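These notes are about the structure you will find just below.
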Amino acid sequence: MNKKFDLKKLTSSREMSLVIVLIVLCVFIQLRNSTFLQFGTIEAMLKNYAVMMIMALGMMCVLLTGGIDIAIGSTLAFSGMFSALIMRDHPGVPVIGGFLISMVVGMVLGAVIGVVISKGKVPPIVATLGFMNIYRGCTYLIADSRWVAAYQVPEGFKAFAQSYYLTGGLLNNMITVIIICYVIFFIALKWTTAGRRVYAVGSNAEAAEVSGINVDSVKIGVYSLMGLLSGLGGALWVSLYASAQGDMATGLEMDVIAACVVGGVSLNGGRGTVPGVFLGGLIMAIIGKALPLIGVSQFWQSAIKGLIILFAVILNVVTQRTMDKNALKRREM
Amino acid sequence: MKKRLLSALLCVAMVASLVVGCGGSKEEAAAPAEEATEEAAPAEEATEEAAPANDGVYAFISKAAGNPYNEKEAEGFQTAMDELGLNYVIKHPETATADAQITMINELVAQNVSSIAIAANDADALQPALEAAMAAGIKICSVDSSTNAASRAVHVNQAGTAIIGQTLMDAVLDLAGGEGQWAILSATSTATNQNSWIAAMKEVMEGDAYASLELVEVAYGDDEYQKSVDQTQALLSNYPELKVICAPTTVGIMAAAKAIQDAGSSVKLTGLGLPSEMADYIGTDDAHSCPYMYLWNPIDLGKLAAYVSVALVDGTITGAAGDTFTCALGDYEVVEAADGGTEIIAGPPFAFTPENIEEWKTVY
């Protein structure tokens with residue numbers, strides 16, 4: 001009985017539908033361009049989309065509580081710019097220092113958003129809409145509307161995104177950071193009290209409140225976490241692209257939210273898994289990386305991107321509905 | 001109920017975005033503008049006290065805040081105005097959109113400025129706003145990126161389209177060693193200036209000297225760093241025989257330079273880029289992807305826009321072909337432009353090489 005149940009769960013699970021989409025995509029692209037499934041291409045893809053994939057984790061937590069954060073592109077820009085400016089003026093700052101500065105700044109920015117949303121009772125989309133503009137404006141202000149150019153970023157910091165030292169030469173540092181983040185979030189959300197509280201708040205905030213969970217502090221927590229990851233993203237962005245621009249990561253929030261939605265995270269809160277987000281992020285990365293490779297006209301690429309996202313989400317919803325129906329049937333019996 | 005709530009929220013969000021968006025950009029732009037007017041205030045007092053508050057103000061609208069190239073144009077405009085001792089307003093929209101610029105044009109019309117020099121985000125969308133401004137007696141010139149012919153007196157062009165096409169094609173020919181595959185990495189597929197340069201390059205390519213060159217693709221990176229990197233990597237992997245990439249856009253060339261260098265590819269890069277951004281990538285050895293590239297001097301372009309504005313306002317030129325005027329930068333003539341209007345050409349593009357890049361990277 002138990003075994004049969006597991007099998008059924010595996011074949012009809014939401015993640016499985018994403019894996020199928022992923023495989024179909026890969027096979028199709030590989031047929032059109034044989035250079036796709038090569039180590040170099042995949043590595044370049046993961047490097048280029050590391051920031052998006054990492055930030056999708058934070059966005060998942062925010063979405064789980066029933067919120068949304070569209071200020072992340074601006075948070076990334078501000079914290080990345082802040083750190084880049086400090087490194088420009090003090091080239092002696094160690095690499096880890098650059099990362100820590102960016103992450104702390106990002107966390108503070110995120111916490112401010114969290115406080116406004118939870119204590120001020122402002123709807124998340126409105127609050128983050130405001131902060132999106134505020135933080136973006138502040139980025140131009142602190143940078144005096146200038147860029148931090150490649151030659152002004154310390155060598156060691158630029159080298160981080162191109163080196164392999166975190167794993168002793170095995171994997172690119174950017175990819176290592178992705179893996180570390182996903183492992184931490186997988187464990188934290190599944191097996192820690194804090195992680196379960198995030199789900200509880202999103203499933204039913206009132207019930208969570210009654211059962212003794214401080215809903216406000218959970219909310220502040222997830223927005224701070226989102227900010228922290230945006231800060232990490234900012235540092236990675238500066239390292240990877242060897243420069244900081246005031247308009248960097250404009251529009252990134254849409255890709256990040258899309259990765260979560262494709263990965264099966266519900267916008268109503270309470271639903272979503274780390275493996276799902278991983279697959280959603282991968283699908284978004286493949287779409288971005290591979291569409292230029294298959295020789296489709298530029299003008300079709302955006303339309304195709306939208307179609308794939310829609311298709312993945314519909315498939316996901318249908319699978320979810322079937323699962324719910326089955327669960328209901330079992331309960332009725 | 002829930003749906004209704006959600007749609008209500010979305011409506012609130014949309015309205016809020018409009019309010020916040022406009023409010024934000026206005027504040028952003030208003031701050032430097034105020035500063036500028038304040039700085040220039042003593043000059044006004046010195047020249048004429050009786051003049052109405054905003055008479056004799058020369059305005060400049062850039063494409064967007066945070067664009068270093070536009071900042072330098074604005075700086076040139078400011079320097080020239082300071083030297084002439086005139087009042088000016090410099091405005092930066094927060095996003096590179098036509099509607100952000102329209103709001104600013106309407107504001108300036110309400111303030112009754114003398115002239116507006118604008119780096120247009122859209123050739124046609126600004127027409128109603130600019131026509132209204134001209135009807136109010138305000139002199140309009142476009143700088144850098146042109147508006148359509150009906151919405152301006154004259155366009156201040158950084159360099160003639162034909163000269164740019166010729167210069168870039170000669171660079172491609174040189175870097176490819178006379179033959180082979182090459183590709184273009186552009187910004188958005190609708191950018192007016194990009195498309196006219198690409199068209200000019202294609203025209204030059206018809207010549208016999210370029211017969212052995214094969215243009216394999218025009219890729220669009222939308223002036224987004226991430227997308228430009230993707231497009232460059234795709235070019236590198238789709239065309240193993242590729243010899244040269246030409247990126248006539250500052251974001252594109254920087255992203256391409258990084259992507260080519262990180263991939264350890266032997267493909268060479270040229271195009272139009274900012275020296276400060278490209279300093280790390282310019283060099284003739286294999287470790288550098290870009291042997292040389294071009295750009296005009298945005299500071300001089302901004303200055304020229306200032307002199308043209310002044311000449312339009314004091315009646316030295318009307319914007320008709322054949323008009324001439326003299327300013328601190330030299331003698332200029334108004335000529336026919338390809339779009340049916342008229343333009344003033346600043347000069348040929350300037351080459352940045354490993355020899356002069358160290359000196360220029362701190363300038364802009």
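Only the coordinates and a few stated rules stand behind these numbers; no lab work does. Keep in mind the model is a prediction, meaning the values are calculated, not measured. For neighbour counting, all protein chains shown are included, and Cβ atoms are generated from backbone atoms with ideal geometry for every residue, glycine included.
Points worth noting:
- For B:A247, distant residues with modelled amide H under 5 Å away: B:L185, B:T270, B:G271, B:L272
- Greater than 26 Å apart at Cα, pairs in A:K158/B:K361; A:K47/B:K72; A:K305/B:K63; A:K305/B:K91; A:K190/A:K219: A:K47/B:K72; A:K305/B:K63; A:K305/B:K91
- Measuring nothing but how far apart in sequence close Cα pairs (under 8 Å, 6+ apart) lie, relative to its length, the stretch B:161-295 scores a relative contact order of 24 percent.
- Within 10 Å of each Cβ in B:274-281, the average number of Cβ atoms from other chains: 5
- In plain terms, the residue of A:W191, A:W147 with the fewest other Cβ atoms within 10 Å comes first and the most crowded comes last, giving A:W191, A:W147.
- Taking the Cα centre of the protein assembly as shown as origin and assigning +1 to Lys and Arg Cβ atoms and -1 to Asp and Glu Cβ atoms, the resulting dipole is close to 5700 debye.
- Rounded if a/c under 1.5, otherwise prolate or oblate - the stretch B:161-295, Cα gyration tensor axes: rounded
- Counting, for every residue in B:226-239, the Cβ atoms of other protein chains within 10 Å of its Cβ and taking the mean gives 6.
- Charge dipole (the protein assembly as shown, unit charges on Cβ, about Cα centre) - positive-most of A:L310, A:T41, B:I260: A:L310
- Ranking A:L171, A:A84, A:I134 by how far each Cα lies toward the positive end of the dipole of the stretch A:16-323 (charges on Cβ) leaves A:L171 at the top.
- Sorted by Cβ neighbour density within 10 Å, fewest at the top, the residues A:F311, A:F185, B:F325, A:F299: A:F299, A:F311, B:F325, A:F185
- Across the stretch B:344-349, coupling constants 3J(HN,Hα) worked out from phi with the 6.51/-1.76/1.60 Karplus curve, θ = phi - 60°, read 10, 9, 6, x, x, x Hz, and Gly and Pro carry x.
- Isotropically averaged projected area of the stretch B:60-204, using the convex hull of Cα atoms (one quarter of hull area), nm²: 9.8 nm²
- The mean sequence distance of close C-alpha pairs (under 8 Å, at least 6 residues apart), as a share of the length of the stretch A:16-323, puts its relative contact order at 34 percent.
- Mean residue ellipticity, 222 nm, helices only, the protein assembly as shown: the sum of -39500 (n - 2.57) across DSSP H runs of n ≥ 4, divided by residue count and rounded to 500, is -20000 deg cm²/dmol.
- Surrounding net charge for B:Y225, when Lys and Arg each add one and Asp and Glu each subtract one, Cβ distance under 12 Å: -4
- The fewest-to-most ranking of A:R136, A:R321, A:R32, A:R271 by surrounding Cβ atoms within 10 Å reads A:R321, A:R32, A:R271, A:R136.
- The charge dipole of chain A, taken about the Cα centre with unit charges on the Cβ atoms of Lys, Arg (+1) and Asp, Glu (-1), comes to about 1120 debye, rounded to the nearest 20.
- Inter-site label distance for A:T35 and B:N356 at 7 Å from Cα along Cβ, in nm: 3.5 nm
- Across the stretch A:299-305, computed HN-Hα scalar couplings (Karplus, 6.51 cos²θ - 1.76 cosθ + 1.60, θ = phi - 60°) run 6, 7, 4, 5, 4, 5, 4 Hz from first to last residue, x flagging Gly and Pro.
- Cut-off under 5 Å, modelled amide H: who pairs with B:Y220 long-range: B:S186
- Projected over every direction and averaged, the convex hull enclosing the alpha-carbon atoms of the stretch A:120-231 yields 10.1 nm².
- Per-q log10 I(q)/I(0), the protein assembly as shown, q = 0.06, 0.07 Å⁻¹ (Debye; single scatterer per alpha-carbon; no solvent): -0.38, -0.52
- In this structure the amide hydrogen of B:V143, modeled in the peptide plane, comes within under 5 Å of the amide hydrogens of B:I118, B:A119, B:A120, B:V156, none closer than 5 places in sequence on its chain.
- Selection from A:I287, B:Q194, A:Q320, by position along the positive dipole direction of the protein assembly as shown (Cβ): A:Q320
- Rounded to whole Hz, the Karplus (6.51, -1.76, 1.60) HN-Hα couplings of the stretch A:132-149, x for glycine and proline: 4, 6, 4, 5, 5, x, 4, 4, 4, 5, 5, 8, 6, 6, 10, 9, 9, 7
- Label-point separation in nm, A:A303 to A:D216, each point 7 Å along Cα→Cβ: 5.1 nm
- Pairwise Cα distances in chain A exceed 27 Å in 47 percent of cases.
- Note on A:302-311: average number of Cβ atoms from other chains within 10 Å of each residue's Cβ is 0.
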